[in-house]
Amino acid sequence: MTQQSDLATMFLLTGGDLKISYYINEDNSSELDYQDAQGSLTFPSDKLRIQPGAIGTLITAPLKNSADAGATTFTLVLPNVKLGGQTKQPIETFAIITQDYSTLQKVGAQFTYKVVPLQGTGQYTDY
């Protein structure tokens, strides 16, 4: 039997029309489940860009790539969550939906951003 980590490994978050689940497996691989009003997408580790940062871990997934509308990405800002002996802890964070127009002949800002507040829980799970 393995001892439970004090850090959360499963995050269940909602905000606006988004439902986000993020899992960190024992082998350090991960998975992000993204759901909005248009449907749901699942991203394994090899489709995610995961970057540690000063404000938390930035987890970025590609949502859409269109020749006439540019690329859309989803970035979850995920803080470390210490469980302190509890099974789960509430968290508040945010995600950024970025529209990248840099491949188009668009004048003006090459990126636009939509910030989505998220709330939910961080908890430990054996995967």
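Taken together, the values in this text are just the output of simple stated rules run on the coordinates, not laboratory data. Not measured: the values here are computed from a predicted model. Here the Cβ positions follow ideal geometry from the backbone for every residue, glycine too, while neighbour counts run over all protein chains shown.
How far, in nm, would the chain grow between Thr121 and Ala69 when pulled straight, counting 0.36 nm per residue and subtracting the alpha carbon separation? Please list the in-between numbers first.
On the way: separation 52, 0.36 × 52 = 18.72 nm, distance 3.41 nm.
Stretched fully, the Thr121-Ala69 segment lengthens by 15.3 nm.
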Fill in: Proximal lysines relative to Lys82, as straight alpha-carbon distance under 29 Å, when same-chain residues fewer than 8 apart are discounted
Lys19, Lys47, Lys114
Discussion item. What distance in nm lies between label points placed 7 Å from Cα along the C-beta direction at Ile50 and Gln38?
Written reply: 2.6 nm
Item to complete: Sort largest first and round to whole Å: the equivalent ellipsoid semi-axes of the chain, each the square root of five times a Cα gyration tensor eigenvalue.
Response: 30, 14, 13
Item to complete: Could you let me know the centre-to-centre spacing of the stretch 50-80 and the stretch 85-108, using Cα atoms, in angstrom?
Response: 5 Å
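If you place +1 on the Cβ of every Lys and Arg and -1 on the Cβ of every Asp and Glu, how big does the dipole about the Cα centre of the stretch 10-123 come out, in debye to the nearest 20? Working shown, then result.
Details: 8 positive and 10 negative charges, 49 e Å.
Value, rounded to 20: 240 debye.
At a Förster distance of 22 Å, what's the computed FRET efficiency of Ile96 paired with Leu7, Cβ-Cβ distance as r, to 0.05? Please report the intermediate quantities before stating the final value.
Working: r = 23 Å, r/R0 = 1.06.
Calculated transfer efficiency: 0.40.
How high is the relative contact order of the chain, in percent, with contacts defined as C-alpha pairs under 8 Å that are six or more residues apart?
On the way: 277 pairs, mean separation 34.5, N = 127.
About 27 percent, as a whole number.
From Cα pairs below 8 angstrom and at least 6 apart in sequence, can you work out the relative contact order of the stretch 4-65, rounded to a whole percent?
Numbers: 82 pairs, mean separation 11.3, N = 62.
This gives 18 percent for the stretch 4-65.
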